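Here the structure is laid out as structure tokens; the discussion comes afterwards.
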Amino acid sequence: MFNLLSKIEAAVPTPDRTGRPGQPGQLPVLTVALAGNPNSGKTTLFNLLTGGHQRVGNYGGVTVEIKEGRLRHAGRRIRVIDLPGTYSLAAFSQEEIVARDFILHQRPDVIVNVVDGTNLERNLYLTAQLRELGVPLVVALNMADEIRKKGQTVDRRALGRYLSAPVVPTVGTRNKGIKRLMEHILQTAAPPPAPPTITQIEPSSPPAAIHYGPEIEGELERITQCVEEQTAAAAASQAAGGPLPFLAETSPWWLALKLLENDRDVLEALSGHAAAGALLEQVESSRRRLAALYGEDPEILIAERRYGYVRGICQEVVRQTAEARMDMTVRIDRVLTNRLLGLPIFALLMYGTFWLVFAAGAIPLGWLESALGFITAKIDLLWPAGRAVWLHSLLADGVLSGVGNVVVFLPNLLFLFAAITLLEDTGYMARAAFLMDRLMKWMGLHGKSFIPMLTGFGCTVPAILATRVLDSRRDRLTTMLVLPLVSCSARLPIYALIIPAFFAPEHHATVMYAIYLIGILLAVVVARILRSTVFQGRPAPFVMELPPYRIPTSRAVLLHTWQRCRMYLRKAGTIILALSIVMWFLTHFPTLTPAQQEYYPPVERQQAQAAHSYAGRIGRALEPVFRPLGFDWKINTALLGAFAAKEVFVAQMAIVYAVQDDSLPAVSTAPAAPAEGRISMDPLRRHLQAEYTPLIGFCVMLFCLIATPCMATVAVTRREGGWRWALLQFWGLTAAAYLLTAAVYQVGSLLQIGTS
Amino acid sequence: MAESMSLDELSPGHRARIVGIRGNSPFKKRLLEMGLVKGETIVKIKLAPLADPAEYLIKGYHVSLRRQEARDILLEPLG
């Protein structure tokens, strides 16, 4: 190995594969991709290899994440990619397409296939496919310690011979085998694999010894030949549309195999190519022949044979040497998914999570709020009086209160993310989906949608991030789109302001309960509508692995929690900062001229300023639009603020009615100030009682429940799902809110319910 | 006499051998890739508290399948 390395070091530096020029005297950056089944311990190995030096990026505009980390080993710079966990490379799910595309198009120097040794057969199915791709492969036989516990041994030398790849036993959770894995990665990478070019096409031999039987192999050969002929034809006549897709990356044999398997992605890439006609004709006739012969589609036959090959390997390399100990997971599940105990325990765990997030999280939240108040007060105090008043106001009322009020929720989210990470990393999340699937199916959703829904009662933003646990994009988008209907905690201050103003104390709880219930029912209805219109079609089969329970390492939990929090903070620092400034501008400009200020008595000055501002003008301009709902310009202005963050509605109403606590300096008319504290609620409620009817009060709550998810929600939906869906969510929900609220107001007015 | 039945009819705690999967190719392939291969032995572990889905053991790992999917998986009972 030393010789090989020094030989490369002596070589002239060349640009690396990623296109960045290598620095003089340095070896090019080595790209290593980790591939493997979900729950194979891939991410643990990734964390071990890269430490904390990693970043999460979305790949190619789709929602699937690819994590990337960097390290140095033996003087080489190495870039490690954590591909999404997949069971196959069949281009069936988003994850599979991303993983396969990365392997094919980015051409990593080495693929490390992380294999769960306790579940060798299913894991090797993916390995077989990686072998077929003909990529440089190192197999990490992970969970080597648990294989022993199952009373088994795996002959890794024999396994390595069958797979023609080095097999390194590892225990990710105990940091074992990583050094050897690294050595094998460097060894495998040492001879740079020359991508097969059109001139050096190998004869049609499969790269691994998977025997598909003479019939299938005969057809494969025919298609391969056709591929080669078409390639030669394309090379001869320049006009024929260039080389066939995928051939720059892999062999004609692989292309033939994928065509025979009716691979959607490969077919799509081929469509429109000059050679497609002749090639597809051959593929069609081969598929027909095999289907007639076996009474089964070729892709099914191929998958079966591939499993047959894998099963053969397992029979050779796995030995049961001792009696397996009673499976811990089965014992735990006797309680946790018990027919009687399962649901109560689930409810208790969820209650515990929520207690942690909202009750325990409230304590550090208080600290942060005080800190924020302290900073604001300090700025008020130290700001030279009368100098650059607008800048002071922008800092205090725009930036600090806007961004600050998002950042103060960080402790709650920290607890929430930690809880979700724990539930995921232990394996309980799959059980939660198992328990709740029947209920979620009724909404046209998947058991795994339950966790985001529940999170949504806290805050919609982390809930949308939590939809990442869903595999199918349709499930994910449906869940994302209905999530704002689950009434988040930021809407609570609105209900808390309005309900006591209009309803008798004995009805408070009922009204509150009704609002939440309306939200849930609407979520069900909307999900079902979406499922039967935009996202119709047979739902993806609910085939979900229930992985063994594992004790996560504290390091992994901390790391995953931190990664999620960092994303939230980044959002607060960018989009929320920008929108806070916009909202501040709208509510503070244009200012009244000194003459106008003189004209209004001091108590009316603030309302006059609010009416005079852009937000106030927009509110007034919207009056004709919102009249059918019973809203006046003041409510409209506050609704505009509610788009920044739902709780801003209350603060905005307070500004409009100028019920500011007199002891505070006039400049801190913080639009996003917490509902308690600065604003005393009772005078505001008296104003509301005087001006509006209980019916209007109810309509405001209804509208706030359904309409216009807050800007953070829109931003995160755009990030996770794309503009199209963010806009559908925004306008769809707003339209629904408008129609429903108008209907309630009109019917209510007609029947004179709550009109006095 | 081996009588054919579908996976949703299997009672919890019992085992059977898979003899085939009905349905279109993508669906079948998905199940195949998760290890539900012809000739494989499958054990029904338990039903979820709300009677659907159910937990199965196949190829040494646990998997959850809805009744709807289980209906398309054909079995031959084992003694």
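Quick note: the coordinates plus some simple rules give every number you see, no bench work behind them. Remember, predicted model here, so these are calculated numbers, not experimental data. Every residue, glycine among them, receives a Cβ derived from its backbone with ideal geometry; neighbour counts consider all protein chains shown.
Taking every DSSP helix (H) stretch of at least 4 residues in the protein assembly as shown, weighting each as -39,500 (n - 2.57) and dividing the sum by the residue count yields a mean residue ellipticity at 222 nm of -16500 deg cm²/dmol.
In straight Cα distance, which lysines are under 22 Å from residue A:634, not counting same-chain residues fewer than 8 positions off? Those lysines meeting the cut-off are A:646.
Straight-line cross-link partners of residue B:44 among the aspartates and glutamates, defined as a Cα under 12 Å from its Cα and at least 8 positions apart when in the same chain: B:8, B:9, B:55.
What does the charge dipole of the range B:5-77 about its Cα centre add up to, to the nearest 20 debye, if the Cβ of each Lys and Arg holds +1 and the Cβ of each Asp and Glu holds -1? Write out the running numbers ahead of the final one.
On the way: 13 positive and 9 negative charges, 29 e Å.
So the magnitude is around 140 debye.
Placing unit charges on the Cβ atoms of the charged side chains and taking the dipole of the protein assembly as shown about its Cα centre, the candidate lying farthest along the positive direction among A:735, A:111, B:74 is A:111.
Here's how it looks for residue A:34: its modeled amide H is under 5 Å from those of A:81, A:82, A:83, A:112, which are all 5 or more places away or on a different chain.
To the nearest 0.05, how large is the calculated FRET efficiency for residue A:365 and residue A:319 if R₀ is 60 Å and r is the Cβ-Cβ distance? Present the calculation step by step, with values, prior to reporting the outcome.
On the way: r = 56 Å, r/R0 = 0.93.
The value I calculate is 0.60.
What's the exposure ranking of A:114, A:318, A:557, going from fewest to most Cβ atoms within 10 Å? Kindly include the intermediate steps, with their values, before the conclusion.
Values: A:114 30, A:318 20, A:557 17.
So the ranking, lowest neighbour count to highest, is A:557, A:318, A:114.
Taking amide H as placed 1.01 Å from N in the peptide plane, residue A:542 has its amide H under 5 Å from the amide H of B:66, each at least 5 places away in sequence or on another chain. The antiparallel fraction among DSSP beta bridges confined to the protein assembly as shown stands at about 65%.
For a footprinting-style exposure proxy, rank B:18, A:81 by other Cβ within 10 Å, fewest first.
Numbers: B:18 20, A:81 25.
Final ranking by Cβ density, sparse to dense: B:18, A:81.
In straight-distance terms, cross-link reach from residue B:29 covers every one of the lysines whose alpha-carbon lies under 19 Å from its own, apart from those fewer than eight places away in the same chain; here that gives A:258, B:38, B:59.
Legend: P(r) of the range B:5-77 from all alpha carbon pair distances, 5 Å bins from 0, whole percents, reading 3, 19, 32, 30, 13, 3, 0. Rounded, prolate or oblate, given the Cα gyration tensor of the protein assembly as shown, with a/c below 1.5 counting as rounded? The shape class here is prolate.
The fewest-to-most ranking of A:731, A:254, A:584, A:725 by surrounding Cβ atoms within 10 Å reads A:731, A:725, A:254, A:584.
Counting other Cβ atoms within 10 Å of each Cβ, which GluC sites (Glu not before Pro) in the range A:275-324 have at most 14 and sit in a DSSP loop?
On the way: sites: A:281, A:284, A:296, A:299, A:304, A:316, A:323; in loops: A:296, A:323.
Those that pass, being in a loop and sparsely packed, are A:323.
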